[in-house]
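One structure is given below, encoded as structure tokens.
The values are calculated or read from the model by the stated rules, or taken from the named source; none is laboratory data. Treat the numbers as computed from the prediction; the structure is a model and nothing was measured. Here Cβ is always computed from backbone atoms with ideal geometry, including for glycine, and neighbour counts include all displayed protein chains.
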Amino acid sequence: MAKIIGTIICVTGAVAMALLKGPKLLNKEFLPIMSQGGENWLLGCLFLFGSSCCWSLWLILQVPVSANYPDHLSLTAWMCLFAALQSAVVTLILEPDMKVWRLNSYLEFLCCLYAGVSSAVTFFAQAWCIAQRGPLFSAMFNPLLTVIVTVLACAFLHEEMFTGSLVGSLAVIVGLYVVLWGKAKENEESMNVDPSQIKKRSNQKPLSSESSDETSCRIDLEEPLLSDKSPYSGDNI
């Protein structure tokens, strides 16, 4: 229930930041730095929606991928390699002129280097986080992007900040911590399982398969080394 309620609060806060205005708080004299274009806003919204869907699927797919391929560093290298190849193919189709590919200054080279390194670090950190806590833990930090973009746009681009943006930001933060609290409680309940009850249920089943042997060995390792029921005592020797 905490995870559901926190997610609703986060989404509501993000929507409030985009739709609600109210009184102005900062930058009352707005100085437009970038050109105001709006002829392709529908296409942009569709692209953002598709990007959100693909990002959600990527987070979910990281769970079976991390289980079958636990080396996150190698996995990140493969993902960055294929992403670079796909980006190169799309760029060649959209911009066949090879002169555009030239780097005219060290700043452009540093920007490309920073984009590659930061993407690799992001993929590695998220893959590790998903392997440790699941996709929900990593996905719940995405609403903070709206808050960070609002603060940075107000500070550097001199965009106006309204009361609705402040209220929405607080709602996003509160909803995030509610979801994380519910996730932490869920992890505590899953870890606080009585080993004796698990061993009792496992002893009721015949150890005839390979999976049963692995379960029994895992349970026996949780017991003290000098316990009465040793797997190497009696008839097992």
Just wondering, is there one or more residues in segment 194-213 that are modelled with pLDDT under 80, farther than 30 Å from LYS3 by Cβ, part of a loop (DSSP other than H, G, I, E, B) and basic (Lys, Arg)?
yes
How many residues are among the β-branched types (Val, Ile, Thr) and without any contact (Cβ under 8 Å) to a residue 40 or more places away in the chain if we restrict to segment 127-167?
3
How do the pairs read when you match residues in segment 104-126 that are touching a residue at least 24 places away in the same chain (Cβ under 8 Å) with residues anywhere that are small (Gly, Ala, Ser) and assigned to a helix (DSSP H, G or I), using Cβ under 9 Å and keeping only pairs 6 or more apart or on different chains?
GLY116/ALA84; SER119/ALA83; ALA120/ALA77; PHE123/ALA83; GLN126/SER138
Is it fair to say GLY168 is in the same structural domain as GLY22 (by TED's automatic domain parsing) and under 24 Å from ILE5 (Cα atoms)?
yes
Output for segment 100-131, where each listed residue is exposed (fewer than 11 other Cβ atoms within 10 Å of the Cβ), in a helix (DSSP H, G or I) and polar (S, T, N, Q)
SER118
For LEU92, indicate whether it is assigned to a helix (DSSP H, G or I) and either under 28 Å from the mean Cα position of the chain (by Cα) or modelled with pLDDT under 85 (or both).
no
